[in-house]
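Encoded as structure tokens, the structure appears first; notes follow it.
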């Protein structure tokens, strides 16, 4: 290669110190002179996409149409993606476990409520309420608990994420990041409230089914 005096006109940070410490950017003609190649010397071409999910498909199209070796970002970072997938799986397992425990708590609450309200349920049935009406009452309570709990959980989670997002985080390896990175992706909140509603529905169904089968004659006779 050649030695060419150059003037620094700006500093670019990609956010990764391992990349920024070893890379510099010049125009194509200067790079060709430094590498000692001709005007047609090009070693690599980077293609930037708006949607990273299209990278594997685009890589295959470039390889087939231009007979070039194309490597997409997902293949190049497969090890990193595997680690991220494992961490996400652990997060989902912990979250589902916590929500399942909460569902058992709701089940116990409604179960105890039915035992305490046996007389009231018998009176309702004696006055004309059908078993389906009684079941609907307890199912409505379960869904209401899930809805209120889900909304409160979303608000608390959003507030907690906002607080974490403002905690200072300085590391030499990621100079472009000044606070803890937080993803405000709506799908995570949607999954949370959906699972909360499903778990409370299932937790309320069995006690409601039990209330539906209560015989008012047996309850009143037992008094």
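Only the coordinates and a few stated rules stand behind these numbers; no lab work does. Being a predicted model, the structure only gives us computed values, none of them experimental. Don't worry about glycine lacking a Cβ; one is built from the backbone with ideal geometry, like all the others, and counts go over all protein chains shown.
What to note about this one:
- Between the Cα long axis of helix 186-212 and the first principal axis of the chain there is an angle of about 20°, rounded to the nearest 10.
- Residue 46 versus residue 84: modelled label distance in nm, points set 7 Å from Cα along the beta carbon direction: 1.7 nm
- Residue of 32, 65, 141 that the Gaussian network model of the chain assigns the largest fluctuation, springs spanning Cα pairs under 10 Å: 65
- Quick note on segment 45-115: its Rg to Rh ratio, both from C-alpha atoms and Rh being the Kirkwood radius, is 1.42.
- Fully extended contour minus Cα-Cα distance, from residue 101 to residue 65, at 0.36 nm per residue: 7.5 nm
- For segment 1-73, the square roots of the Cα gyration tensor eigenvalues, ordered a ≥ b ≥ c, give a/c of at least 1.5 with a/b no greater than b/c, which places it in the oblate category.
- Helix axis angle, 55-66 relative to the chain longest principal axis, alpha carbon, degrees: 40 degrees
- Residues 9, 94 arranged by fewest to most Cβ contacts within 10 Å: 9, 94
- If you take the Cα centroid of segment 41-70 and the Cα centroid of segment 120-193, the two points sit 42 Å apart.
- Answer label, with percent of Cα pairs over 23 Å apart calculated from the coordinates and candidates (1) 50; (2) 54; (3) 71: (3)
- Theoretical FRET efficiency, 1/(1+(r/R0)^6), r = Cβ-Cβ of residue 215 and residue 147, R0 35 Å, to 0.05: 0.65
- Between residue 205 and residue 180, the FRET efficiency from the beta-carbon distance, with R0 = 35 Å, is close to 0.30.
- Taking the longest Cα principal axis of the chain as reference, the axis of helix 131-165 is set at about 30 degrees.
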